[in-house]
Amino acid sequence: MSPSAAPLHGSSPALSSEAFSDIPPFPIDIPTAPLLRISLRKLLEGDKEEEERCWRACCIVGFFYIDLRSGKAIKHKGAVEEANKVDVKWEDGVGDGGQADGESLLKHANELFEVMKEFFNLEVTEKQKYDFLEQGSYFGYKGYGAGIVDKAGMRDRNEFYNISKNSTLSLPGYSSLPEPAVLIPHNPLLARFTTTSHALCTLLLTLLSPRLGLPPNYLPTLHRLSALSGDQIRFVRTPPQPAEEAPKPALGAHTDFGSVTILFNRVGGLQVQLPHGVKPEFGGGMEMDDEAFRTWQSERFPGMDRWAYVRPLPGHAIVNLGDALALFSAGILRSNIHRVVPPPGAQGGCERFSLVYFSRPEDGVLLRALREGSVVDEVVKVREARGKWREEEAVRSEDWVLRRALGRRRVGGWLDSGGTEGGV
Ligand SMILES: O=C(O)CCC(=O)C(=O)O
Ligand SMILES: [Fe+2]
C-alpha cells in the first residue's frame, strides 16, 4: 500500500486505546517497525506458538514488544532459582529474585518514571557530582552532550543516569559509589525493578538456550542475579529539540552491548534500522512497500536508509537483544542497530523519558561463540568451511562492557565503543 492510499489523519479506536493519556498521540501516518507483540502470559503458560514467534523475532529483528499485562508470577527452577535469590531486605521480607510478574514490572516502571523526573529536576551542578568518568566508571550521571553519537564526534542530546545492579542489590564484593539524596528513599523500588526485569531476562534466556542446542539453564547461569556484572538501570531524559534546528539524533546509531535490554518509553523517537526484507507497518497494521518506504525515507531523512520509528505502547515493554547474545550465538540471534531521533508529529514538543534495564553477562564470563551448543557449532562449522569464520580472542565481559561504555564518553572513542555493528 502506498502512503497516499492509507488514512492519513484521525485516530481509529484501536489506536487511541493504545495511546498514553498525558502525551500527544503518536502519528498514525508514518511507517513504523513491524515488531511482534509477544504475550508474557502465553510464554509463562508454555505456549509453543508464542515461543516460536519470540524466537523468530530474536533472530530476524532482535526487537519485539512484550505485553506485560496479566503476566502472572515467573518462577525459575533449580540452579537458576537458587542463584537468583539475593539478600535484599524489602519492607515486607527478603527478596526472592527468582520471581516476578508482568503487572509488577509495569507498576515499578510507572513509579520509576516519577522518580526519574525528580532526579533530572536537580540542578546540573548537583547531578554532575555523580559523574564518575574520571574514576573510570560508567555508572552515575552523564550530562547533556557529554556523549559522542558518531565517528565525526557529534555530541548527544540527552542526559543519562546509570544505576548498577551490584549497588542496588548490595552484592558482596562491590563498593558502591555515592548516590544523590533524592534517590536514597527509592532504593527498595530500584531493587524491585532490578529483580523483576532480571527475572524477565532470565525467562527469555531460558527459552533461547535450547534453541541454540544448550541446556535451558545455560544462558541464565551466565547471567545470575546474584553475580557481579555490568547489569544496570538507565534513566534517560531528552529535551525537545528547538524547531528551528535541523533534526539531530539524541542518541546515535548503536547496538546494545549486553544480552537482553528491557525498555520503557512513552514518547516516540526510537528508531530501528530494519533488516532487508522486513517491511515497515503503516497506519497501525497496514504494510508499506519497499518503494513507498524509500520515497518517504529520502524525503525526511536524506541519505538515511531503512530507519523506522518504534511506536510506544502502553502495557508493553520493548525488548531487544545485544551484542553479547549475537556473539554467544555466532550471529544466530540479532543485535539490531537503533537510535533516538526527535519524536514525530505533535510529540516533537515533548520532553522524552526512557527507563531501561540492561542485562549483561557476569563479569568473569568470556565473550565467545558457545560452540558447546550444537546449533551454534553447526553455524560455525558452515562458516569455517566457507572460510568466513575468524576466531577472535575471547574477552572477559567486565573488560568488554567497560570499553564499550566508556568509548561513548571520549572524543575519538567512538570506534572503541563499537561491537558487532562494525562500521557504524
Ligand atoms: O530511549 C530509547 O528509547 C532507547 C535508549 C537506548 O537505545 C539506549 O539507552 O541504549
Ligand atoms: Fe540502545
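Rule-based calculations on the coordinates, nothing more; no lab input. No experiment lies behind these values; they were computed from the predicted model shown. Methodologically, a virtual Cβ is constructed for each residue, glycine included, from the backbone with ideal geometry; neighbour enumeration extends over all protein chains shown.
Sorting M154, M116 from the fewest to the most surrounding beta carbons within 10 angstrom yields M154, M116. Distance between the pseudo-spin-label points of R41 and E118 (7 Å out from Cα toward the beta carbon): 3.2 nm. Report relative contact order for segment 184-282 in percent, whole number only (criteria: Cα-Cα under 8 Å, sequence separation at least 6). Contact order relative to length: 17 percent.
Over segment 109-205, Cα pairs under 8 Å with separation of 6+ residues give a relative contact order of 22 percent.
When a/c is below 1.5 the answer is rounded, else prolate if a/b is larger than b/c, else oblate, so apply that to segment 37-416 with a ≥ b ≥ c taken from the square roots of the Cα gyration tensor eigenvalues. Each step should come with its number before you reach the end.
Details: a/c = 1.30, a/b = 1.03, b/c = 1.26.
It is rounded, given that a/c, with a ≥ b ≥ c, falls under 1.5.
Within segment 101-198, all pairs of alpha-carbon atoms sorted by distance into 10 Å bins from zero give the percentages 14, 42, 33, 11, 0. Put in order of Cβ neighbour count within 10 Å, fewest first, the listed residues F119, F328 become F119, F328.
Starting with the fewest neighbours, write out R386, R360 ranked by other beta-carbon atoms found within 10 Å of each beta-carbon.
Working: R386 8, R360 29.
Least crowded to most crowded, the residues run R386, R360.
Please check which bits of segment 161-175 a label hung off L406 would reach, taking the label as a point 7 Å along Cα-to-C-beta and the cut-off as backbone N under 18 Å. Hits in segment 161-175 for L406 at 18 Å: 162-164, 175. In segment 206-348, the C-alpha radius of gyration followed by the widest Cα-Cα span (Dmax) gives 17.5, 55 angstrom.
Computed from the Cβ-Cβ distance with R0 of 35 Å, the FRET efficiency linking K129 to R155 stands at 0.95. Here's the picture: a label point sits 7 Å out from the Cα of V375 along the beta-carbon direction, and within segment 189-209 the residues with their amide nitrogen under 20 Å of it are 200-209. In nm, to one decimal, how far is the I184 label point from the K107 one, both placed 7 Å along Cα→Cβ? In this crude label model, I184 to K107 measures out at 2.7 nm.
Near the amide H of L36, within less than 5 Å, lie the amide hydrogens of Y65, all on another chain or at least 5 residues away, with H placed in the peptide plane.
Stretching A385 away from C59 to a fully extended chain increases their span by 115.1 nm, per 0.36 nm per residue minus the current alpha-carbon distance. For the listed peptides 244-251, 141-148, a ranking on the average number of other beta carbons within 10 Å per residue, highest first, reads 141-148, 244-251.
Under a Cβ-Cβ cut-off of 9 Å, what is the net charge of the residues other than Q241 that fall near it, where Lys and Arg count +1 and Asp and Glu count -1? Provide the component values of the computation, followed by the final result.
Numbers: positive: R157, K248; negative: E245.
Value of the local net charge: +1.
Over segment 37-416, what relative contact order in percent results from Cα pairs under 8 Å that are six or more residues apart?
21 percent
Checking the cross-link pairs K165/K388; K42/K107; K129/K151; K165/K279; K127/K165; K42/K165 against a 31 Å limit on the alpha carbon distance flags K165/K388; K165/K279 as lying beyond it.
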